[in-house]
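> Got a structure here, written out as structure tokens. Questions coming.
The values are calculated or read from the model by the stated rules, or taken from the named source; none is laboratory data. All figures in this text were calculated on a predicted structure; none of them were measured in a lab. Cβ atoms come from the backbone with ideal geometry, glycine included; neighbour counts cover every protein chain shown. To get the accessible areas, we keep the full protein, side chains included, count just its heavy atoms, and leave off ligands, DNA and RNA. Shrake-Rupley method; radii C 1.70, N 1.55, O 1.52, S 1.80 Å.
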Amino acid sequence: MRPIEAMQVERAREVLERVGPDWLRRPGVTGIDVGLREREGELQDEIAIRVYVESKRALRELPGSDAFPIEENGVPVDVLVVPPADPPAD
């Protein structure tokens, strides 16, 4: 894996700071962060804004305003499914 440059991380954080509050309000979104892109369960050597959702839906099922872009201001966007956590046991 090639080294990640601090400037890439900083740029992604700046973009996340701008779009994050709006994206977190979208249905099914459980979290957002900056980290390595993931493909088929393998981490890639590319920084991305990672959007965690309860489930993925086909683009045709989403209103245009709820679909995430492939990239935002030059920063890749990675949508990852994270099932809801089980409630704590009593």
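> Inspect the range 51-73 for any residue being small (Gly, Ala, Ser) and at pLDDT 95 or above and give the result as yes or no.
no
> Being open to solvent by 50 Å² or more (accessible area, probe 1.4 Å), free of Cβ contacts under 8 Å to residues at least 12 places away in the same chain and hydrophobic (A, V, I, L, M, F, W, C) is the filter here, so list the residues in the range 65-90 that pass it.
Across the range 65-90, the qualifying residues are Ile70, Ala85, Ala89.
> If you don't mind, there's one more thing I want to ask. Could you give me the residue pairs with C-beta distances under 6 Å whose first residue belongs to the range 4-24 and is assigned to a helix (DSSP H, G or I), whose second residue is among the charged types (D, E, K, R) wherever it lies, and which are 6+ apart or on separate chains?
Within 6 Å, the pairs are Val15/Glu72; Val19/Glu72.
> For the range 15-64, name all the residues that are farther than 14 Å from Val77 by Cβ, open to solvent by 60 Å² or more (accessible area, probe 1.4 Å) and of a type in the set (D, E, K, R).
Once the filter is applied, which keeps residues that are farther than 14 Å from Val77 by Cβ, open to solvent by 60 Å² or more (accessible area, probe 1.4 Å) and of a type in the set (D, E, K, R), the range 15-64 yields Glu17, Arg25, Glu40, Glu42, Glu54, Arg57, Arg60, Glu61.
> Still on this structure: Could you tell me how many of the residues in the range 3-14 are within 13 Å of the chain's Cα centre (by Cα) and open to solvent by 90 Å² or more (accessible area, probe 1.4 Å)? Write out each step before concluding.
Within the range 3-14, the first condition is being within 13 Å of the chain's Cα centre (by Cα), and the residues that meet it are 12-13.
Filter once more, so that each one left must be open to solvent by 90 Å² or more (accessible area, probe 1.4 Å): 13.
The qualifying residues number 1.
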